[in-house]
Amino acid sequence: MAFLDFHFFSETLGLTCSAWILIPQPAVGQIGMDGGVSREKYPTLYLLHGLSDDHTIWMRRTSIERYAAAKNIAVVMPAVGRSFYQDMASGQKYWTFVSEELPALCERLLPLSTERADRFAAGLSMGGYGALRLGLAKPERFAAVASLSGALDMPRRAREAGKQGSRISLDEWIGILGPKLKIEGSDADLQFLARKLAASSGPKPGIYLACGTEDELLEDSRAFRRHLEGLRLPATYVEGPGAHEWGYWDAQIQRVLNWLPIRGKM
């Protein structure tokens, strides 16, 4: 794999920002790594971080480079701060950045496929929410999305903003969502997006939900699974021992890569 420490200017954000990117590199002489089949354009996984992390975290905490090399897939890991993948009320437009600008820029500058069938997203915690939002809001662009320990119930978080024990202060939530803290029934509400998707005649992405039974966010995944079942939207659901920690996510990202409908030879 080739590793790119990618620095670029975002017109959406109005600043220079960073992403870490892995690109498959066919090689026969590299010891300990298999080189995949050479392709003109590679399938791509947009891999999203959680609330307290940044674009470096997946490579620092897991062996995503080895796992992606085995699948001959590119991985794009952007940084969005603590934005919860929103166009913030008092801040940057990170949703527009991740859903529109970043894929277009990467696919223009790098050997990444522009086909829907080759574009995927996954993430943990806050990033699990971001990944599902990409698939539900942009089903014509993403073939499959995966949430690991996802913080999926945004309306509840808005209602409980500022309560004791929250990892995000009331002032920070107001900066993200605005003073009314209303998100239910909007395009940032995953249940609302799922209802729209179920009612549409367009393409529907594959959905993967996983959460550990010792994770404080378990009910988010269980409730969203029930919601999808009620809408008759199929999803792969994985629940088992695990907490909100990297050992669980390292194991699950390998399962996600095995689950993704990656086309062609590895």
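The values are calculated or read from the model by the stated rules, or taken from the named source; none is laboratory data. Note that the coordinates shown come from a computational prediction; the quantities given were computed from them, not determined experimentally. Please note: Cβ atoms are built from the backbone with ideal geometry, for glycine as well, and neighbour counts cover all protein chains shown. Accessible surface areas use protein heavy atoms only, side chains included; no ligands, DNA or RNA. Shrake-Rupley method; radii C 1.70, N 1.55, O 1.52, S 1.80 Å.
Structure data summary
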item	result
Added length on full extension, which subtracts the Cα-Cα distance from 0.36 nm per residue, Tyr237 to Arg61	61.0 nm
Met154 accessible area, assembled protein chains, probe 1.4 Å, Å²	0 Å²
Environment charge at Asp34 (Cβ cut-off 11 Å; Lys +1, Arg +1, Asp -1, Glu -1)	+2
Karplus-derived HN-Hα couplings along segment 198-205 (A = 6.51, B = -1.76, C = 1.60, θ = phi - 60°), whole Hz, x at Gly and Pro	4, 7, 8, 9, x, x, 10, x
Label-reachable residues, segment 111-127, where backbone N falls under 17 Å from a point 7 Å from Glu40's Cα toward its Cβ	111-118
Cα-projected label distance for Asn258 with Ser52, points at 7 Å along beta-carbon direction, nm	3.0 nm
Ranking by accessible area, most exposed first, for Asp215, Asp187 with a 1.4 Å probe	Asp187, Asp215
Spatially close lysines, pair count over the chain: Cα under 20 Å, gap of eight or more or interchain	12
Net charge of Cβ neighbours under 14 Å - reference Tyr67; Lys, Arg +1; Asp, Glu -1	+1
Contact order normalised by residue count of the chain, Cα under 8 Å, 6+ apart, percent	17 percent
His244 accessible area, 1.4 Å probe, all protein chains in place, Å² to nearest 10	50 Å²
Computed FRET value (nearest 0.05) for Ser186 with Glu115, which takes r as the C-beta separation and R₀ as 22 Å	0.15
Whole-Hz ³J(HN,Hα) from phi, Karplus 6.51 cos²θ - 1.76 cosθ + 1.60, for segment 36-48, glycine and proline x	x, 5, 5, 10, 6, 9, 9, x, 9, 10, 8, 10, 9
Built amide H within the under 5 Å cut-off of Leu112, gap 5+	Tyr42
Segment 72-141: radius of gyration and largest Cα-Cα distance (Dmax), Å	12.1, 39
Contour excess over end-to-end distance, with Cα ends at Asp171 and Ala27 and 0.36 nm allotted per residue	46.8 nm
Along principal axes, Cα extents of segment 4-150, largest first, whole Å	51, 29, 28
Gained length - Glu11 relative to Ala198, 0.36 nm times residue gap less alpha-carbon distance	64.0 nm
Amide hydrogen neighbours beyond the local backbone of Tyr46, cut-off 5 Å, H modeled	Val76, Phe120, Ala121, Ala122
Most fluctuating residue given options Phe97, Phe142, Phe192, as computed from a GNM of the chain linking Cα atoms under 10 Å	Phe192
Shape call, segment 184-264: gyration tensor on alpha carbons, a/c limit 1.5	oblate
Under 10 Å, Cβ to Cβ, from Ala121 - net charge with Lys/Arg +1 and Asp/Glu -1	+4
Alpha-carbon spread of the chain, three principal axes, descending order, Å	57, 40, 38
